[in-house]
Amino acid sequence: MKVLETKNLKKYYGENENLVKAIDNNSISINKGEFVCIVGKSGSGKSTLLHMLGGLDRPTSGNVYIDNKDIFSLKDDELAIFRRRKIGFIFQYYNLIPSLNVWENIVLPIGLDSKKVDVDFIEDILKNLGLETKKDSLPNTLSGGQQQRVAIARALAFKPSIILADEPTGNLDSKTSDEVITLLKNMVKRYSQTLVMITHDETIAQMGERVIIIEDGKVLKEGALNE
Ligand code: ADP
Ligand code: MG
């Protein structure tokens, strides 16, 4: 069952001699529960694609469907609500709020949506991510790997059906990267979520079930890395 689909998606920046086709006629399809890695050189359009997939930015033309809904047919405020409920984002920089402790950082987005915090669910996430003793800690007392795990917990706390991650291990050493991605992979399986992750780390990309290779804004190849 498809959860995420793009049709003839384009995102162009600039014009005339400065025209950049960041995403150029891109049509991909991702099934519910899949773990897909997006790989490609720097500047190939990976982040632009991920932003469109999550409705963070509008395309020049083309469509993105989430659960068969054409998300860019929504007005900005409707799109913001849709995105907040459906999608969890994880970025290279953890974007934790320094003055809030781990627990507060994780529940903050839920409070912003004036939803009730599912305490048992968040305790479960923290346990699985090995953060149960860190609830009261401030971000600057944690290692990079721990901070990224907090960012993962924050993304999961909303029970989104889709997790979009942009180079989530970009600031971590390879051992920590493997640990964090293994945890993330287990978590999305546990909660039957779909994971789309940008990485330029081949070892990490091998952990995905499918790889989409992007070059100059185009999908070069879809399939297993060693096909
Ligand atoms: P990647 O994530 O694969 O490194 P990006 O999606 O960030 O690539 O960028 C793809 C191309 O689009 C690059 O040539 C980049 O310079 C260009 N680009 C991205 N964002 C903007 C922007 N806001 N304005 C102009 N050009 C942009
Ligand atoms: Mg990028």
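The set of residues from segment 44-76 being basic (Lys, Arg) and assigned to a strand (DSSP E or B) comprises just one member, 69. Selection of first residues in segment 103-124 that are under 14 Å from residue 85 (Cα atoms) and of second residues that are aromatic (Phe, Trp, Tyr) and surrounded by 13 or more Cβ atoms within 10 Å (Cβ to Cβ), restricted to Cβ pairs under 9 Å at least 6 apart or on distinct chains, gives the following pairs, ordered by first then second residue: 109/158; 110/158; 113/158; 115/158. The number of residues in segment 96-128 that are part of a loop (DSSP other than H, G, I, E, B), at pLDDT 90 or above and in contact with a helix residue (DSSP H, G or I) (Cβ under 7 Å, 6 or more places away or on another chain) comes to 4. Applying the selection to segment 196-227, what residues are more than 15 Å from ligand 1 (Cβ to nearest atom) and in contact with a Leu (Cβ under 7 Å, 6 or more places away or on another chain)? If the condition is that a residue be more than 15 Å from ligand 1 (Cβ to nearest atom) and in contact with a Leu (Cβ under 7 Å, 6 or more places away or on another chain), then 206 is the only one that fits.
Of the residues making up segment 185-203, those that are of a type in the set (A, V, I, L, M) and touching a strand residue (DSSP E or B) at 6+ places or on another chain (Cβ under 7 Å) are 188, 195, 196, 197, 198.
Take the residues in segment 34-43 that are within 16 Å of ligand 1 (Cβ to nearest atom) and either of a type in the set (Gly, Ala, Ser) or in a loop (DSSP other than H, G, I, E, B) (or both); name whichever of them is nearest to residue 191 (Cα to Cα). Reasoning before the result, please.
In the first step, residues of segment 34-43 are kept if they are within 16 Å of ligand 1 (Cβ to nearest atom); the result is 36-43.
If we keep only those that are either of a type in the set (Gly, Ala, Ser) or in a loop (DSSP other than H, G, I, E, B) (or both) as well, we get 40-43.
Numbers: 40: 28, 41: 31, 42: 31, 43: 33 Å.
Applying the filter and picking the extreme gives 40.
Any idea which residue in segment 37-69 is farthest from the chain's Cα centre (by Cα), counting only those that are touching a residue at least 60 places away in the same chain (Cβ under 8 Å) and more than 16 Å from ligand 2 (Cβ to nearest atom)?
Of all residues in segment 37-69, those touching a residue at least 60 places away in the same chain (Cβ under 8 Å) come to 37-42, 44-50, 53-54, 64-68.
With the extra rule that they be more than 16 Å from ligand 2 (Cβ to nearest atom), the set shrinks to 64-68.
Numbers: 64: 15, 65: 16, 66: 14, 67: 16, 68: 19 Å.
Top of the filtered list is 68.
The values are calculated or read from the model by the stated rules, or taken from the named source; none is laboratory data. This is a predicted model, so every value here is computed, not measured. Please note: Cβ atoms are built from the backbone with ideal geometry, for glycine as well, and neighbour counts cover all protein chains shown.
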